[in-house]
Amino acid sequence: QVQLVESGGGWVHPGGSLSVACAASGSICRNYAMGWYRHAPGKQLELVAIISNGGSTNYADYVKGRFTISRDNAKNTVYLQMNSLKPEDTAVYYCNADLQRTMFTQRSNYWGQGTQVTVSS
């Protein structure tokens with residue numbers, strides 16, 4: 001059984017910083033792309049950032065220059081450093097990962113349980 005367990009998040013004033021992490025646990029043979037999505041009240045789920053297993057990154061325009069995604073392949077962990085946070089960044093942040101459990105199975109997509117990030121004064 002593979003699980004994505006998120007940590008971090010919380011509450012911060014506008015302009016502040018927060019970080020979230022997501023560790024994949026269980027039997028994992030290989031990890032592929034990992035990323036972060038967010039879901040704000042009244043809005044659709046949206047991509048925040050993704051990172052390939054080689055370290056290539058892509059960011060949504062609304063977080064470019066403020067958020068940084070990184071990963072530790074040995075730990076099957078992805079991180080998101082969020083700086084210069086704005087109230088509109090308030091959302092539940094979800095980790096997403098493409099993982100292959102064994103050499104004999106195809107890769108599958110997994111989601112974390114979500115962690116709340118609130119930006120307000």
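The values are calculated or read from the model by the stated rules, or taken from the named source; none is laboratory data. Keep in mind that what you see is a predicted model, and the values were worked out from it rather than measured. Please note: Cβ atoms are built from the backbone with ideal geometry, for glycine as well, and neighbour counts cover all protein chains shown. Surface accessibility is based on the protein's heavy atoms, side chains included, excluding ligands, DNA and RNA. Shrake-Rupley method; radii C 1.70, N 1.55, O 1.52, S 1.80 Å.
Summarise the accessible area of the chain (1.4 Å probe, protein heavy atoms) by the percent that is carbon and sulfur.
On the way: 3170 of 6430 Å².
Carbon and sulfur: 49 percent of the exposed surface of the chain.
Taking N as the number of residues in segment 1-78, what value does Rg over Cα atoms divided by 2.2 N^0.38 Å take? Write down the numbers at each step before the final one.
On the way: Rg = 13.5 Å, N = 78, 2.2 N^0.38 = 11.5 Å.
Against the empirical 2.2 N^0.38 Å value, I get 1.17 for segment 1-78.
Among all the lysines, which ones have a C-alpha under 21 Å from LYS43's C-alpha, if same-chain residues fewer than 8 places away are not counted?
Reachable lysines: LYS64, LYS86.
Can you work out the accessible area per residue across segment 54-121, with the rest of the protein chains kept in place, probe 1.4 Å, in square angstrom? Before the final figure, lay out the partial values.
Working: 3770 Å² over 68 residues.
Dividing the accessible area of segment 54-121 by its residue count gives 55 Å².
So how much accessible area does MET103 have, in Å² to the nearest 10, using a 1.4 Å probe?
150
Scanning the chain for trypsin sites (Lys or Arg not before Pro) in DSSP loops with at most 11 other Cβ atoms within 10 Å, what's the longest stretch left with none?
On the way: sites that count: LYS43, LYS64.
Answer from the scan: 65-121.
Would you mind computing Rg(Cα) / (2.2 N^0.38 Å) for segment 67-121, counting N as its residues? Numbers along the way, then the final one.
Values: Rg = 14.6 Å, N = 55, 2.2 N^0.38 = 10.1 Å.
Taking the Cα Rg and dividing by 2.2 N^0.38 Å, one obtains 1.44.
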